[in-house]
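Have a look at the structure below, then the notes.
Laboratory data are not the source of any read-out in this text; all were calculated from the coordinates shown. The structure presented is a predicted model; accordingly, all values stated were derived computationally and were not measured. As a convention, Cβ positions derive from the backbone with ideal geometry for all residues, glycine included, and neighbour counts pool all protein chains shown.
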Amino acid sequence: MISSNNRLLRTLRMAAALALILPAVSSAQNPPLGDVARKEQARRKAAKSSEKVLTNKDLPPSSARPAPSPGPAPEGAAGAAVTEQKEAAAADPAEQKKDEEKEEAWWRQRIAQARDGLRRSEVFLEALQTRVNVLSTDFVNRDDPVQRARIGEDRQKAIAEMERVQAEIVQYRKQIADIEEEARKAGIPPGWLR
């Protein structure tokens, strides 16, 4: 019995020693969160100061041809004012960014309108097809020649309208394809047309 008590006592002492040592070891391996945050903040400050801002001057010359000049520059004070305005517009990146945002919004709106028109026309075509089907069934089931004639006229009008809507759908699909092709040629990112 004495030996089992000694073993139990030794086991408890070892557990107590481990309980005291483990938190010290784990804190030595993992620095406090505040220290990590301070180091990260210092690293970001150092990274910001070493960042280089690229401008058009840093880019290689493009293979695109420059736009043709509008002709000789006007002389005198008016000519100088026009030149200053062009330089100011070219030098203001915030304004260029606004133009790009307008372009993105414009492209998104343009493609959205075409797709909405296509969806509306497709839904309308389905409704017209349903109407033609109902009128055809009603036409077959009528015995009265006057009622059959009226139903036949309504069915012909619905069929003519279906043909018009089908042509409209073809136009919308062509318009969407044209917009996508125009955007591709203009170098517009594909995400703008989604």
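For this structure, a couple of remarks:
- Length released on extending from residue 156 to residue 56, taking residue separation times 0.36 nm less the Cα-Cα span: 29.7 nm
- Seen from residue 162, the other residues with C-beta closer than 13 Å to its C-beta sum to a net charge of -2, counting Lys and Arg as +1 and Asp and Glu as -1.
- Ellipsoid semi-axes for region 116-194, based on the Cα gyration tensor and the rule √(5λ), read 41, 10, 6 Å when sorted largest first.
- Here the Karplus relation 6.51 cos²θ - 1.76 cosθ + 1.60, evaluated at θ = phi - 60°, turns the backbone of region 139-147 into coupling constants of 4, 5, 8, 8, 9, 6, x, 5, 5 Hz, with x for every Gly and Pro.
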